[in-house]
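Here the structure comes first, spelled out in structure tokens, and everything after it is commentary.
Computed from the coordinates by the stated procedures, all read-outs in this text should not be read as laboratory data. Computed from a predicted model, the values in this text were never measured in an experiment. So basically every Cβ, Gly included, is an ideal-geometry build from the backbone, and we count neighbours across all protein chains shown.
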Amino acid sequence: MDDKEQNITVRKGQEFTITLDSNPTSGYIWVAAFNTYTINVISHDFQPTSPKLIGGSGKDVFTFKAISSGTTVLKMVCKRSWEQRFVAEKNFFIHVM
């Protein structure tokens, strides 16, 4: 498995986070695609690096909750909202017990 793929095992009802390097001022944002029957997104926050500089980079922190047992793929793509193509992709294989 390469750095674009990761396995995550959680229990039903448990929350987990995905943290990705980000710089939304460039126009690129991380977008999550997933099976809403298995997991749901609870929150999405951007945490700038210190010191807080205009146009600075940071971390996108997504919090998800496992809602039913099963296995699903959480696909994260980095793209501009007005473009179809993406510049980065990460897949997380979520196993809910």
* Estimated inter-spin distance, Phe93 and Thr9, nm [label 7 Å along Cα→Cβ] -> 1.2
* Asked: Once phi is turned into θ = phi - 60°, what whole-Hz ³J(HN,Hα) does the Karplus curve with 6.51, -1.76 and 1.60 give for every residue of the range 9-25, x standing for Gly and Pro?
  -> 10, 9, 9, 4, x, 7, 9, 8, 10, 10, 10, 10, 4, 8, 8, x, 5
* Structure fact -> In the chain, lysine pairs 8 or more places apart or on different chains with C-alpha atoms under 17 Å apart total 10
* Counting pairs of alpha carbon atoms under 8 Å apart in space and at least six apart in sequence, what relative contact order in percent does the range 5-96 give? -> 40
* Cα centroid separation - the range 45-97 against the range 14-30, whole Å -> 4
* Would you please give the residues with an amide H less than 5 Å from that of Ser22, counting only those at least 5 places away or on a separate chain, with H modeled from the backbone geometry? => Gly58, Lys59, Asp60
* Asked: Once Kirkwood radius over Cα pairs in Å is worked out from the coordinates, which option in (i) 13.7; (ii) 14.2; (iii) 17.5 does it equal?
  -> (ii)
* Sites Thr25 and Ser68, calculated FRET efficiency, Cβ-Cβ separation with R0 41 Å, nearest 0.05 -> 0.65
